[in-house]
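**Student:** This is the structure I want to talk about, given as structure tokens.
Nothing in this text is a laboratory measurement; each read-out follows from the coordinates by a stated rule. This structure is a prediction, so every number in the text was calculated from the model and none was measured. Positions of Cβ are generated from backbone atoms using ideal geometry, with glycine treated the same way; all protein chains shown enter the neighbour counts.
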Amino acid sequence: MNIPELIAHVRKIVIKIGSSTLEDSTGAVNNAFLEHFAAEVANFIKKNKQIVIVSSGAQIAGLSILGKWARKQDLHYKQALCAVGQVELMRAWSQAFAPHGIHTAQILLTRDDFGDSLRTLNMRNTLFTLIDEGIVPIINENDSVAVDEIKIGDNDTLAARSAVLWSAELLILFSDIDGLYDKNPKEFPDAQLLCEVPDIGSIRKQIRIGGTNIFGTGGIATKLDAAELVVPYGIPMILSNGSRPDALGALNAGTQAGTIFKALF
Ligand code: ADP
């Protein structure tokens, strides 16, 4: 099954957008990207698909308002920055969806939320209710309360856990690369894109994993972790490049490459 066939085949999709995708060249939230992306999500919803977004970017949005905090390393400043930035991030998202008559909802989670059966039930019910009402839930880690001990740590894993929780049928991770390569394409120009990964365990042994970028906390390793989390639940994952504002439509049209991590059943 290729990417357009896979997308055509499913209804419930979780889409994760990485910090590198959300940031423009000046270091602010890339509003032009959000507007295009929201238009594509609106198109998907018109076609009867259900979308949950996992969005990074609170820190970037915070710095676009409080740039003078850029050098503050103190944990409380970082958490305060995310508190400021989360509001700005959600403002950007709700503005992007407004022309399509679509409301957005903010859900902030920590690792503890996934370990507590009552909370997971509540989260599931909230997600189902929002989706039933045509609202687009936008999930992020609750960075203002999450210290290392209760952190999920990266939004790839958060997206994967959310996909499992909501019983999604597909997880799409948008990053700043076209997919999984046999080695880091930024270091090795001859790196080969892998279009399909049937077995994550064996691919880990075959590829070389490089470092990450300045804002990206995950790197490619957490994308493999995310795939490993969802595929046993029958949820396939696509890793693709979110740099183009029409990335979602291009994936759907088959004009953009990506890596499919095949579901186990
Ligand atoms: P995001 O912020 O979008 O989540 P990250 O920067 O955390 O993305 O991770 C993606 C980066 O991982 C790519 O830009 C790439 O440079 C790096 N990388 C390292 N090894 C690989 C590999 N084998 N295949 C693809 N990307 C890789």
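**Student:** Can you compute log10 of I(q)/I(0) for the range 23-86 with the Debye formula, treating each Cα as one identical point scatterer, at q = 0.25 Å⁻¹?
**Tutor:** Relative scattering, expressed as log10 I(q)/I(0), comes to -1.00.
**Student:** Sticking with this one: Rounded to the nearest Å, what's the spacing between the alpha carbon centres of the range 127-148 and the range 161-199? Just the number, please.
**Tutor:** 23 Å
**Student:** A further question follows. Using label points projected 7 Å from each Cα along Cα→Cβ, tell me how many nm separate E187 and Q79, to one decimal.
**Tutor:** Taking the two extended label points, one gets 3.4 nm.
**Student:** Return the single residue from T21, T129, T110 with maximal mean-square fluctuation; model: Gaussian network over the chain, springs between Cα atoms under 10 Å.
**Tutor:** Of T21, T129, T110, the most mobile in the Gaussian network model is T129.
**Student:** Regarding the range 119-265, what is the average projected area of its C-alpha convex hull, in nm²?
**Tutor:** 10.3 nm²
**Student:** Please label the shape of the chain as rounded, prolate or oblate, based on the square roots a ≥ b ≥ c of the eigenvalues of the alpha-carbon gyration tensor (a/c under 1.5 means rounded; beyond that, a/b larger than b/c means prolate, else oblate).
**Tutor:** Numbers: a/c = 1.30, a/b = 1.14, b/c = 1.15.
Judged from the Cα gyration tensor, the chain comes out rounded (a/c under 1.5).
**Student:** Let me make sure I get this right: for the range 49-190, a, b and c are the square roots of the gyration tensor eigenvalues over alpha carbons, sorted descending. Under 1.5 in a/c it's rounded, otherwise prolate if a/b > b/c, else oblate. Which is it?
**Tutor:** On the way: a/c = 1.33, a/b = 1.13, b/c = 1.17.
Rounded shape, in that the Cα axes give a/c under 1.5.
**Student:** Here is a follow-up. Which whole-number percent gives the relative contact order of the chain, counting Cα pairs below 8 Å spaced six or more residues apart?
**Tutor:** Dividing the mean separation by the residue count of the chain yields 24 percent.
**Student:** Count of lysine pairs in the chain with Cα atoms under 17 Å apart, counting only pairs 8 or more residues apart in sequence or on different chains?
**Tutor:** Number of lysine pairs found: 14.
**Student:** Restricting to the chain, compute how many DSSP beta bridges are antiparallel as a %, nearest 5.
**Tutor:** In the chain, DSSP labels about 20 percent of beta bridges as antiparallel.
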